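In what follows, a structure is listed as structure tokens, so that the remarks can point back to it.
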Amino acid sequence: MYALIALGYTMVYGIVRLINFAHGDVFMVGAFLAFYSVEKYHLPLPAVFAIAAGGSAILAIVIERMAYRPLRDAPKIAALITAIGVSLFLEYFTALHQVFGPNYYAFPRPFQVVSLEIGGITFTNIQGVILVVTLASLGALQYVVYRTKVGRGMRAVSHDVVTAGLMGVNVNGVISFTFGLGAALAGVGGVLYGIAYPQINTFMGVMPGLKAFTAAVLGGIGSIPGAVLGALIMGQSETMTTAYLSSTYRDGIAFVLLIAVLLWKPTGILGKTRTEKV
Amino acid sequence: MPFLKNIAKAVLPFAALSGLLQFLSARDILNPYWVQIFQLACVVAISALGLNLIYGFTGLFSLGHAAFYGVGAYTAALLTKLYVGAHGDEAVFATGAVFLGSLLAGGLAAALLACAVGIPTLRLTSDYLGIATLGFGVIMKVLFDNADSFLPQLGGARGMTGIARLTGIPWAVAGLVAAILVIRNLVHSTYGRALVAIREDEVAAAALGIDTFRYKVIGFTAGCAFAGVAGGLYAHLYTFLHPSTFDFLKSFDVLMIVVLGGLGNLTGTLVASFAWVFLLEGMRVALPPDYIEFRWVLIPLLLIVTMLVRPRGLFGVREFPFLRSKVYR
């Protein structure tokens, strides 16, 4: 699940070199859209995923259009501060009573929880759904990036924006598409989060967003396999810390790991090969 | 006597400003709440000046400023707690001396830590440095949360209480004036020029014989020392410390102030710090109670609009006359 959010970060960073701090909040909006479509309209699960992904994508494209595009030629820090501003705005705006409200909401289970035991390893169908959906999204992403025209455009823009523009790539369109695609993945991640930890509120995006970004950096930002690898390492190390040390140190350990990796390989584990960047 | 003249130049604004505020609050023209907010603004300004030195002048992208602020706050609070005690019936002079010592110790602790953190991490560049310092900020927050397990006085996740209320208007103003003086003189010295050279082009700076790594560590350490002193003042202003005051989101607050004011611009940082603090508190008063949550909706909007309109900060490269280099004054 970290992987899905981390992918959004890594794609956006790969193309426009911007840490999109609002990404965690797009993830939150995805979870809330899913919440409403399950709670109010009792939609089937595929429709829920579609609504969350679509809604997040539209939101991200609007944000990119309104806030980031005018600043593309400005100093990078201005865009970064704007990203923080957008993030705060989304959090507090949706926390208003008129919008989603500041409370915690219980996310309804869309299906019965079943535990299976295969060869001494217990896992629930929730974990199964998460695994299947994540793998399917990754497969789809890999297809889009390496097998379609837009994907080729994305790779070209990440390599060199100006040259890509000269070669007839619609740079603005590609950047919008990247934001949308990243956000759709975050939206799917939001639904999965809601299913796995059945409690959501409007500030839930902060920590997962930060950790997903860390995962993306850990694996080498701009690289899709790196993001997945980083997310796997993060998830494992956090579970291990909770199991063997103490859960109060859980949030810290991921960053200790991050700093250690950065000192050893300053561009992340898989960050060397620049041609792999998306 | 240029020496005495320089001293007078520093002491006069301090005496005038703190005297005026003391007078106003003694006459009940300013209520204690606003006096406290003013002191908070001074503290925030000191910390923001430190970050401006790190990011604005040296160009090191640090997202861990609040952690150093926290280290200074906890160090100073612990020292005054040990040597003054919360009852505060000792001689005023001795208390003041201990407080000054604690503030400096807080700054020193932050500086030492910054040095220890900076030597390995400052080899990283731009965004990677940012994320490493952000990570450091989260680690420190976790340590503050668990601090009571190795030193019970620090309070851990429940917060640290029983800190003497020592920060007053004179202390806050004196701290701010001292910070402005030190930073102004630093950035216009050879050191400051070296830092700016590194910001502009690290390779060119190295080619001109500047030991870039050493200067980066110096800039980072000095900036963090300011955060430490500001933290000490903060601790003795609100007499209560909680780890959530020092988490990474607070680093963003300081960063926003520095960027809003303009990178490498002291005037902007000063104005933005005061505007930020007073705006936050002013909206608490100005908005009707039912709409108080709109505070944090309006502020990001304001922030986004400001960035869209003035992407290089409010003041660009213009400075108040007293903050300029001697050559231009």
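A short reminder: the numbers here are calculations on the coordinates, not readings from a lab. Source: prediction; values computed, not measured. Note that each Cβ is placed from the backbone with ideal geometry, even for glycine, and that neighbours are counted across all protein chains shown.
Could you tell me what fraction of 2.2 N^0.38 Å the Cα radius of gyration of segment A:204-244 comes to, as a two-decimal ratio? Walk me through the intermediate numbers first.
On the way: Rg = 10.5 Å, N = 41, 2.2 N^0.38 = 9.0 Å.
Cα-based Rg divided by the globular estimate yields 1.16.
Which of the pairs A:40/B:250; A:40/A:149; A:76/A:149 have their Cα atoms more than 30 Å apart in this structure?
Exceeds cut-off: A:40/B:250; A:40/A:149.
If you take each beta carbon of peptide B:140-150 and count the beta carbons of other chains within 10 angstrom, what is the mean?
2
Let me know the mean shielding of A:62-71 by other chains, meaning the per-residue number of their Cβ atoms within 10 Å of its Cβ.
Whole-number average of other-chain Cβ neighbours for A:62-71 is 1.
Let me make sure I get this right: for segment B:149-225, a, b and c are the square roots of the gyration tensor eigenvalues over alpha carbons, sorted descending. Under 1.5 in a/c it's rounded, otherwise prolate if a/b > b/c, else oblate. Which is it?
Numbers: a/c = 5.07, a/b = 1.86, b/c = 2.73.
Since a/c reaches 1.5 but b/c is at least a/b, the shape of segment B:149-225 is classed as oblate.
When the scattering of segment B:27-73 is computed by the Debye formula from its Cα atoms alone, each counted once and equally, what is log10 I(q)/I(0) at q = 0.15, 0.16, 0.18, 0.22 Å⁻¹?
Debye intensities relative to I(0), on a log10 scale: -0.51, -0.55, -0.63, -0.79.
Could you derive backbone 3J(HN,Hα) for segment A:35-48 from the dihedral phi with the Karplus parameters 6.51, -1.76 and 1.60 (θ = phi - 60°), listing whole Hz in sequence and x where the residue is Gly or Pro?
The phi angles translate into 4, 5, 6, 7, 5, 8, 10, 6, 6, x, 4, x, 5, 4 Hz.
Full extension from residue A:124 to residue A:170: what is 0.36 nm times the residue separation minus their Cα-Cα distance, to one decimal in nm?
Working: separation 46, 0.36 × 46 = 16.56 nm, distance 4.47 nm.
Taking residue A:124 through residue A:170 to full extension adds about 12.1 nm, to one decimal.
So how far apart, in nm, are the two label points at residue A:148 and residue B:185 if each is 7 Å from Cα heading toward Cβ?
With each label placed 7 Å out from Cα toward Cβ, I get 6.3 nm.
Compute the whole-percent fraction of alpha carbon pairs in segment B:10-244 spaced more than 25 Å apart.
44 percent
Just the number: Rg to Rh for segment B:199-319, Cα atoms, Kirkwood Rh, two decimals.
Looking at segment B:199-319, the ratio lands at 1.05.
Go through A:211/A:265; A:211/B:216; A:211/B:141 and tell me which ones have a Cα-Cα distance over 21 Å in this structure. Please list the in-between numbers first.
On the way: A:211/A:265 19 Å; A:211/B:216 28 Å; A:211/B:141 15 Å.
The answer is A:211/B:216.
Please arrange B:102, B:244 by how many other C-beta atoms lie within 10 Å of their C-beta, fewest to most.
In order of increasing Cβ crowding within 10 Å: B:244, B:102.
Between residue B:284 and residue B:213, what is the label-to-label distance in nm when each label sits 7 Å out along the Cα-to-Cβ direction?
Going from the residue B:284 label point to the residue B:213 one covers 4.6 nm.
Pulled fully out, how much extra length does the chain show between residue A:243 and residue A:163, if you take 0.36 nm times their separation in residues and subtract their Cα-Cα distance?
Full extension from residue A:243 to residue A:163 adds 23.8 nm.
Taking other Cβ within 10 Å of each residue's Cβ, how do B:150, B:99 sort, fewest first?
B:150, B:99
What ranking do B:35-42, A:49-56 get when scored by the average of other Cβ atoms within 10 Å per residue, highest first?
A:49-56, B:35-42
Let me confirm one metric for peptide B:249-260, namely the mean number of other chain beta-carbon atoms within 10 Å of its residues' beta-carbons.
On the way: counts 5, 0, 0, 7, 2, 0, 4, 5, 0, 2, 7, 1.
Mean number of neighbouring Cβ atoms from other chains: 3.
Hey, fewest Cβ within 10 Å first, where do B:145, A:25 land in order?
Working: B:145 20, A:25 28.
The most exposed by this proxy come first: B:145, A:25.
Based on the Cβ-Cβ distance from residue B:15 to residue B:97, what FRET efficiency comes out when R0 is 30 Å, to the nearest 0.05?
Details: r = 20 Å, r/R0 = 0.68.
It comes to 0.90.
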